[in-house]
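Handing you a structure now.
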Amino acid sequence: MYVAIEGIDTAGKSTQIDALRTLFPDALITKEPGGTAVGMEIRNMVLHGSLTSKTAELLLFLADRAEHTESIILPNMNRLIISDRSAVSGMAYASVQELCDESTLVMLNRLATGGTLPHCVFILKLTPEALAFRLSQKEHDTIEARGMDYLLSIQDALIAAAYALGIKTYVIDATQSIDTITNEITTLIKGAL
């Protein structure tokens, strides 16, 4: 089973992935972008580089998604795969930037993944107040520097993208305690295995 943990920056994806790594020691833990050597280069180019074209950013993320699907996801479909981000994020970021319409984004992401999408996605959702506090506690990368309104629009777009891609979606209150969130995700994964 292939599942993805989604959410805007500071929502707690990494914290939950670390907890799930312990609870599911046989699972393959991966991330997108950056789950492959090529993906790490692409991730660095986008997050810390000097790209000015949003279309170039979209196409680089699609290239990473294609490489990740072919080299990591498909060879491991016989086991539990837990991914930090997925096509859902790629589609959400592109839709907020209004690079193309929803049907084109669905088609591009289906092309990049060969139609292999997560069986389910867990979206960690923050309130504006929680996001403001968490952002105040860290330095910002290129995406976080775009501001709070931008990140909240991404959060809404994540939910819309998951539904548009036809993925079973669980929206989880990310302001709950870490253990409560972990228990909720774990219960849902075990119920689907």
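Can you give the longest run of the chain that contains no GluC sites (Glu not before Pro) sitting in a DSSP loop with at most 16 other Cβ atoms inside 10 Å?
In short, 1-97.
Quick one: grab the alpha carbon gyration tensor of segment 91-193, order the square roots of its eigenvalues as a ≥ b ≥ c, and give me rounded if a/c is under 1.5, else prolate or oblate depending on whether a/b is larger than b/c.
Since a/c reaches 1.5 but b/c is at least a/b, the shape of segment 91-193 is classed as oblate.
Looking only at Gly12, Gly34, Gly115, which one moves most when the chain is put into a Gaussian network model with springs between Cα atoms under 10 Å?
Gly115
Do you know the relative contact order of the chain, to the nearest whole percent, from alpha carbon pairs under 8 angstrom that are 6+ apart?
Here the relative contact order equals 32 percent.
As a test of the formula, what do you get for the chain when each DSSP H run with n ≥ 4 contributes -39,500 (n - 2.57) and the sum is divided by the residue count, at 222 nm and rounded to the nearest 500 deg cm²/dmol?
-16500 deg cm²/dmol, from helical runs alone.
For a Förster distance of 41 Å, can you work out the FRET efficiency between the beta-carbons of Thr180 and Asn44, rounded to the nearest 0.05?
The formula returns an efficiency of 0.75 here.
Now for a different question. Between Met1 and Asp173, take the C-beta separation as r, use R0 = 25 Å, and let me know the FRET efficiency to the nearest 0.05.
Values: r = 23 Å, r/R0 = 0.93.
Given R0 = 25 Å and the Cβ-Cβ separation, E is 0.60.
Now for a separate question. Restricting attention to segment 1-100, which trypsin sites (Lys or Arg not before Pro) occupy a DSSP loop and are surrounded by at most 16 other Cβ atoms within 10 Å?
Working: sites: Lys13, Arg21, Lys31, Arg43, Lys54, Arg65, Arg79, Arg85; in loops: Arg79, Arg85.
Those satisfying the criteria are Arg79.
If you average the alpha carbon positions of segment 1-75 and of segment 104-118, how far apart do those two centres end up, in angstrom?
Taking the Cα centre of segment 104-118 as reference, the centre of segment 1-75 is 15 Å away.
Give, as ranges by residue number, the residues of segment 1-40 whose backbone N falls under 14 Å from the point 7 Å along Cα→Cβ of Phe133.
Inside the label zone: 11-12.
Here's something else I'd like to know. Taking a cut-off of 30 Å between Cα atoms, list the lysines near Lys54, but don't count ones fewer than 8 places away on the same chain.
Cα-Cα hits under 30 Å: Lys13, Lys31, Lys125, Lys138, Lys168.
Hey, can you list the DSSP H helices of the chain whose Cα span along the axis is 18 Å or longer and whose average Kyte-Doolittle score is at least -1.0?
Length and hydropathy pass: 54-68, 148-164, 178-192.
Could you point to the residue in Ile178, Leu126, Tyr150 farthest towards the positive end of segment 2-192's charge dipole, with +1 and -1 charges on the Cβ of Lys/Arg and Asp/Glu respectively?
Of the candidates, Ile178 comes out farthest on the positive side.
Rule-based calculations on the coordinates, nothing more; no lab input. No experiment lies behind these values; they were computed from the predicted model shown. When we count neighbours, we look across all protein chains shown, and the Cβ atoms used for this are built from the backbone with ideal geometry, even at glycine.
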